[in-house]
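Chemist: I have a structure here, written as structure tokens, and I will follow up with some questions on it.
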Amino acid sequence: MVDSNRLNEAAAASAGSPDAGNFLVAGIYLDDQSSHVVVRGNTMAKLPVGIFIHNTSYTTVENNRIWLASQVALWGSMDRTDADWMTGNLWRNNEIVPTVHAIWTDGQLPSFKVSQAFWFWHNMGGEAALGAGHNEFTGNRVIQAQGPVSAHAWLRGLGNERYVDASEWQGLNPGEPTPSRPVRFDPMLTTLGPEQVVDAGFDAGLTSWRTYQNPVGSGYAVQPLASLPGCIGSCMQLTAGHPYDLLASIPFSLRAGALYLYRWTAVMPSTSGAEVGPPYVSREVSPWDVMADAKGFAGYIPRRAGAGETLMYESYFMPKSSAPARVNLQVETARVPVALDSISVREITGFSLAYLWDWSAVVFAPGDGARTVGCAELGWPVGCSVIGTAGEALALPLTLPAGTARLLMRGDSVFRR
Ligand SMILES: [Ca+2]
């Protein structure tokens, strides 16, 4: 039994090593052929890896809190080929808060370091080793304080691997709830130039937009909607009969070599999830090639969302040319009506990156006494406002009972959307 430990801010001492050691440091690490262990009620923050079980069987990992891990919160790995040494495990009712960091050098395309809630690696079974009685994930509460991510979990078998978003993870692990998003902090702030898309919000219906229907599809429809929850005023509902069907803006100009932010909002129907097509900002005329340079588009937000969800997508690109361009909106999921709004292409003229301490703070009370914290103890200015992991407003000063810990978020952070 590994019970009720508290671990905070550990990192590998990697000086002199060519490796940063991110795979070495885990809050709790059960190694080869461990079995029948219960890992319960532990709290850990700002570690590379939260709880790592390696070639371990018949183990339960439950009711732990893993906040702000930089690599992964829960990792199970079976890297043997002689026998299956990872079965009969249960990961349940843990609380996980992953992170997104923007990495950006002026003049370059940004990249995003996303930590995963889960890594599940199994050399013999791959994804087939998931499931009740084998390796079950159920009831784990993931708080996506920085919005949805396309790389929610990393699945790896012998010779194949993929990242999946939360809805795909849920499809593989039916007991897993949808992540909660009580609040949203952006990994960076951008200063933007003027909007390039004409009638970006569909205020004038299709007046400034064009449509294309691929003749081999069926079920295509475009329908202006006067209002819909998730839209700002009117939006445009596209039902694709084929993934090549599209809604295209009128042409605009880009500045070659500058950095641009491309955004859209999609509202999924209440009856079905859907997937919007990849970013396609093209040349206005034939051959309608993608106008991003060889580095393509960079982002971390999925293009898929579940029934009834509103998805705000963002991606970054640098144009290869200043030739007239257009936005093409496409939907991968045929015959599912998706409402689109707030289509945007704007040059980025400035930016600032968020650090963890800009929006989050982890506070512990010692085992032998309560602890009271205010803005100063959290590292934030006088008069700061604080919210808890359920999105609830908290009054300061806040008293933590002896032996407890909390993750607090800064309500008045400039990075809050
Ligand atoms: Ca609108």
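The values are calculated or read from the model by the stated rules, or taken from the named source; none is laboratory data. What you see is a predicted model, and the numbers here were worked out from it, not measured in a lab. Neighbour counts are summed over all protein chains in view; Cβ atoms, including those assigned to glycine, are modelled from backbone coordinates with ideal geometry. Only protein heavy atoms, including side chains, enter the accessible area calculation; ligands, DNA and RNA are left aside. Shrake-Rupley method; radii C 1.70, N 1.55, O 1.52, S 1.80 Å.
Chemist: So for the chain: antiparallel DSSP bridges make up what percent, rounded to the nearest 5?
Modeler: If I count the DSSP bridges inside the chain, around 60 percent turn out antiparallel.
Chemist: Roll a 1.4 angstrom probe over the protein heavy atoms and tell me the percent of accessible area of region 52-102 that is carbon or sulfur.
Modeler: For region 52-102, the apolar C and S fraction of the accessible surface comes to 45 percent.
Chemist: How much accessible area per residue does region 188-351 have, counting only protein heavy atoms and a probe of 1.4 Å, in square angstrom?
Modeler: Computed with neighbouring chains in place, this is 41 Å² per residue.
Chemist: Ok, one more. Provide the per residue accessible area, probe 1.4 Å, for region 356-410, rounded to a whole number of square angstrom. Walk me through the numbers before you get to the answer.
Modeler: Numbers: 2540 Å² over 55 residues.
Here the residues of region 356-410 average 46 Å² of exposed surface.
Chemist: Could you work out the Rg to Rh ratio of the chain, with Rh taken as the Kirkwood radius (inverse of the mean 1/r over all Cα pairs)?
Modeler: Expressed as Rg/Rh, it is 1.00.
Chemist: Select from region 8-77 those chymotrypsin sites (Phe, Trp or Tyr not before Pro) which occupy a DSSP coil region and have at most 15 other Cβ atoms within 10 Å, ordered by residue number.
Modeler: Those that pass, being in a loop and sparsely packed, are Phe23, Tyr58.
Chemist: Rg (Å, one decimal) plus Dmax (Å, integer) for the alpha carbons of region 356-410?
Modeler: When restricted to Cα atoms, region 356-410 yields Rg and Dmax of 10.6, 30 Å.
Chemist: State whether region 37-118 is rounded, prolate or oblate according to the following rule on the C-alpha gyration tensor (a ≥ b ≥ c being the square roots of its eigenvalues): a/c under 1.5 gives rounded; otherwise a/b larger than b/c gives prolate, and the remaining case gives oblate.
Modeler: oblate
Chemist: Compare the Cα positions of Met86, Ala393, Gly383 along the charge dipole of the chain (+1 at Cβ of Lys, Arg; -1 at Cβ of Asp, Glu; about the Cα centre) and return the one farthest towards the positive end.
Modeler: Farthest along the dipole direction, towards plus: Gly383.
Chemist: With a/c under 1.5 counting as rounded, go ahead and sort region 122-178 into rounded, prolate or oblate using the C-alpha gyration tensor (a ≥ b ≥ c being the square roots of the eigenvalues; past the cut-off, prolate if a/b is larger than b/c, else oblate).
Modeler: oblate
Chemist: Contact order normalised by length for region 169-250, with contacts defined as Cα pairs under 8 Å and 6 or more residues apart; what percent is it?
Modeler: It rounds to 29 percent for region 169-250.
Chemist: Placing +1 at every Lys and Arg Cβ and -1 at every Asp and Glu Cβ, with all other atoms neutral, what dipole size does the chain have around its Cα centre, in debye to the nearest 20?
Modeler: Roughly 540 debye, rounded to the nearest 20.
Chemist: Give the shape of region 2-172 as rounded, prolate or oblate, defined through the alpha-carbon gyration tensor: a ≥ b ≥ c are the square roots of its eigenvalues, a/c under 1.5 means rounded, and otherwise the shape is prolate if a/b is larger than b/c and oblate if not.
Modeler: Note, shape of region 2-172 comes out rounded.
Chemist: Sticking with this structure for a sec: Excluding ligands and nucleic acids, what accessible area in Å² is computed for Ile250 using a 1.4 Å probe, to the nearest 10?
Modeler: Ignoring ligands and nucleic acids, Ile250 comes out at about 50 Å².
Chemist: Okay, moving on. How high is the relative contact order of the chain, in percent, with contacts defined as C-alpha pairs under 8 Å that are six or more residues apart?
Modeler: That works out to 12 percent.
Chemist: Under the definition of Cα pairs under 8 Å and six or more residues apart, what whole-number percent is the relative contact order of region 2-172?
Modeler: Taking the mean separation of contacting Cα pairs over the length of region 2-172, I get 17 percent.
Chemist: Where does the charge balance sit around Thr239 when Lys and Arg score +1, Asp and Glu -1, over other residues with C-beta under 10 Å from its C-beta?
Modeler: 0
Chemist: Same structure again: How many Å² of accessible area per residue for region 34-138, probe 1.4 Å?
Modeler: For region 34-138, the per-residue accessible area is 32 Å².
Chemist: Net charge near Val61: determine it from the other residues with C-beta under 10 Å of the C-beta of Val61, scoring Lys and Arg +1 and Asp and Glu -1.
Modeler: With Lys, Arg at +1 and Asp, Glu at -1, the net is +1.
Chemist: Next up: For region 188-351, what does the equivalent ellipsoid look like in terms of its semi-axes, each the square root of 5 times an eigenvalue of the Cα gyration tensor, given largest first in whole Å? Intermediate results must be reported in sequence, preceding the final value.
Modeler: Working: eigenvalues 118, 63, 45 Å².
Equivalent ellipsoid of region 188-351: 24, 18, 15 Å, largest first.
Chemist: When the helix-only estimate is applied to the chain (DSSP H runs of n ≥ 4, each -39,500 (n - 2.57), divided by the residue count), what is the mean residue ellipticity at 222 nm, nearest 500 deg cm²/dmol?
Modeler: Per the formula, -500 deg cm²/dmol.
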